[in-house]
Amino acid sequence: MNIESLYKEAGALLEGHFILSSQNHSNRYLQSAKVLEDPKRAELLAKELANMIIASGIEVDTVCAPALGGVLAGYELARALNARSIFVERKEGKMELRRGFEIAQNEKIIICEDIITTGGSAMEASDVIRSLGGQIVAFAALANRGFCQREGSGQPSKRECKLPHDVPLFALADFEFDMYVPDACPLCAQGSSAIKPGSRG
Ligand code: ZN
């Protein structure tokens, strides 16, 4: 499966001039929600990810996603793994398990995101699950921005990566972009202005 062309076809891999969440500028942008717009494509991607996890021999009881971004990917991954699907969400800025979801002692849990950048939200979700007695057996994401090393890749984690080194990260592909600090952005120098796709209506 060629993940990059699948993202392109879905309109999820944009080319132009963008402001990333880090405030850096880039010529590419991943609009992850677009790739999950088609439930059949979402199912296909999640199955591929589930196969990697199953092949590794890791046992999973539950997939937990940080809301909102991870929820659809987490739900589809849970379906493909025949696991339970839950999510954590922010309340007044703090990640919490709500809505009656419960965690059993030592329950084997995967934290799933649509995209892992530095892994900040995934780590917050992981902290919540651990504080409730759950065990984090892996992290998973459809797309990896290349800051954290994923299973099967020779590319080591960069210092920005917040995920622990002793828990595996499964992802379908690395999407590494050229990034520029705004003051030294060649696209800005050419006179174009950057847009922030995430915040457009
Ligand atoms: Zn720029």
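The values are calculated or read from the model by the stated rules, or taken from the named source; none is laboratory data. Quick caveat: nothing in here was measured; it's all calculated off a predicted structure. Using ideal geometry, Cβ is built from the backbone for each residue, glycine included, and neighbour counts are taken over all protein chains shown. Please note that ligands, DNA and RNA were not included when accessible areas were found on the heavy atoms of the full protein model with its side chains. Shrake-Rupley method; radii C 1.70, N 1.55, O 1.52, S 1.80 Å.
For segment 7-26, a tally of residues being out of contact with any Pro (no Cβ under 9 Å at 6 or more places or on another chain) and either of a type in the set (G, A, S) or within 16 Å of the ligand (Cβ to nearest atom) (or both) returns 9.
Applying the condition of being within 16 Å of the ligand (Cβ to nearest atom) and open to solvent by 80 Å² or more (accessible area, probe 1.4 Å) to segment 145-195 and asking which residue is nearest to M1 (Cα to Cα) yields D178.
Taking first residues from segment 167-179 that are over 18 Å from L20 (Cβ atoms) and assigned to a loop (DSSP other than H, G, I, E, B) and partners that are among the hydroxyl-bearing types (S, T, Y) and open to solvent by 40 Å² or more (accessible area, probe 1.4 Å), the Cβ contacts under 8 Å between residues at least 6 apart in sequence or on separate chains come to P168/S56. Filtering segment 91-114 to residues that are part of a strand (DSSP E or B) and open to solvent by 50 Å² or more (accessible area, probe 1.4 Å) leaves K91, K94, E96, K108. Checked against the criteria, A138 counts as under 18 Å from L77 (Cβ atoms), surrounded by 13 or more Cβ atoms within 10 Å (Cβ to Cβ) and either of a type outside the set (S, T, N, Q) or within 16 Å of the ligand (Cβ to nearest atom) (or both). Considering segment 42-60, the residues that are touching a helix residue (DSSP H, G or I) at 6+ places or on another chain (Cβ under 8 Å) and open to solvent by less than 50 Å² (accessible area, probe 1.4 Å) include one that is nearest to S85 (Cα to Cα), namely V60.
Of the residues contained in segment 112-120, none is found to be free of Cβ contacts under 8 Å to residues at least 40 places away in the same chain and either within 16 Å of the ligand (Cβ to nearest atom) or under 25 Å from A33 (Cβ atoms) (or both). Summed over segment 13-29, the residues that are under 17 Å from the mean Cα position of the chain (by Cα) and open to solvent by less than 20 Å² (accessible area, probe 1.4 Å) give a count of 2.
Working only within segment 4-29, note down all residues that are in a helix (DSSP H, G or I) and farther than 13 Å from R145 by Cα. Of everything in segment 4-29, those that are in a helix (DSSP H, G or I) and farther than 13 Å from R145 by Cα turn out to be S5, L6, Y7, K8, E9.
Within segment 115-135, the residues that satisfy the criterion of being assigned to a loop (DSSP other than H, G, I, E, B) and surrounded by fewer than 19 Cβ atoms within 10 Å (Cβ to Cβ) are L132, G133.
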